[in-house]
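Colleague: My structure is below; once you've seen it, I'll send some questions.
The values are calculated or read from the model by the stated rules, or taken from the named source; none is laboratory data. Values in this document were obtained by computation on a predicted structure and should not be read as measured data. Virtual Cβ from ideal backbone geometry, glycine too; neighbours counted across all protein chains shown.
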Amino acid sequence: MMKITDIIGNNNPKEKSVAMSGKDTVVGVNAQFTGNIMFSQNLKISGTVKGNIDSNDDNDAQVVIDQSGVVEGDVTAPVVILKGEVNGNVHSTNKIVIDASALITGNVYYDILEMHGGATVNGSLIRNMGKTAGLLEKKIEKDDKSDKSTGFLQSIDKQEK
């Protein structure tokens, strides 16, 4: 199968080419998609997506958000490669690669993390350690609520009495 880059050539030699096959889903540079996306195998975002992105139960599924790509929602996939912008949480059950050009406003849940210098993450980096992201979020919410009900000074006061 011949790729478009084989015909016209890759204009940017610095940009690594991501292997894409005939069963890939692509949101192009000038496209804006509003709504949730459920995909299998490979998804490449070069445009704007306003909604959540989630992969089917495919362990090899991969989402790539290019430098020009913007996602306003949560991203969930086994492999996530970020070069663009995500305004939401990013969940991976396998590996996340955060390129130097990436901007993430939200929490990053990962098993394996590769983060390049210059990347910006406005949120927490949370290692899954074999747990699902949903359970981690509930644990964080539970911990936040318990911290609000009894503060540090209140617990000291109770111990002194």
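Colleague: From the list GLY51, GLY123, GLY69, GLY47, which one is in the same structural domain as THR25 (by TED's automatic domain parsing) and more than 22 Å from LYS23 (Cβ to Cβ)? Full working, then the answer.
Modeller: Values: GLY51 fails: more than 22 Å from LYS23 (Cβ to Cβ); GLY69 fails: more than 22 Å from LYS23 (Cβ to Cβ); GLY47 fails: more than 22 Å from LYS23 (Cβ to Cβ).
Every option except GLY123 fails the conditions.
Colleague: Condition check: within 16 Å of PHE33 (Cα to Cα) and either more than 8 Å from the chain's Cα centre (by Cα) or without any contact (Cβ under 8 Å) to a residue 24 or more places away in the chain (or both). Does VAL79 satisfy that?
Modeller: Numbers: within 16 Å of PHE33 (Cα to Cα): no; either more than 8 Å from the chain's Cα centre (by Cα) or without any contact (Cβ under 8 Å) to a residue 24 or more places away in the chain (or both): yes.
The answer is no for VAL79.
Colleague: Now for a separate question. Do we have VAL49 as within 12 Å of the chain's Cα centre (by Cα) and either part of a strand (DSSP E or B) or surrounded by 16 or more Cβ atoms within 10 Å (Cβ to Cβ) (or both) here?
Modeller: Details: within 12 Å of the chain's Cα centre (by Cα): no; either part of a strand (DSSP E or B) or surrounded by 16 or more Cβ atoms within 10 Å (Cβ to Cβ) (or both): yes.
Judged against the criteria, VAL49 is not a match.
Colleague: What pairs can you find where one residue is in segment 44-68 and more than 13 Å from ALA31 (Cα to Cα), the other is surrounded by fewer than 15 Cβ atoms within 10 Å (Cβ to Cβ) and among the aliphatic types (A, V, I, L, M), and their Cβ atoms are less than 6 Å apart, with a gap of 6+ or different chains?
Modeller: ASP54/MET38; VAL64/VAL18
Colleague: Going by the conditions given, is GLU137 modelled with pLDDT of 95 or more, within 25 Å of ASN36 (Cα to Cα) and surrounded by 14 or more Cβ atoms within 10 Å (Cβ to Cβ)? Spell out the reasoning first.
Modeller: Values: modelled with pLDDT of 95 or more: no; within 25 Å of ASN36 (Cα to Cα): yes; surrounded by 14 or more Cβ atoms within 10 Å (Cβ to Cβ): yes.
No, not satisfied.
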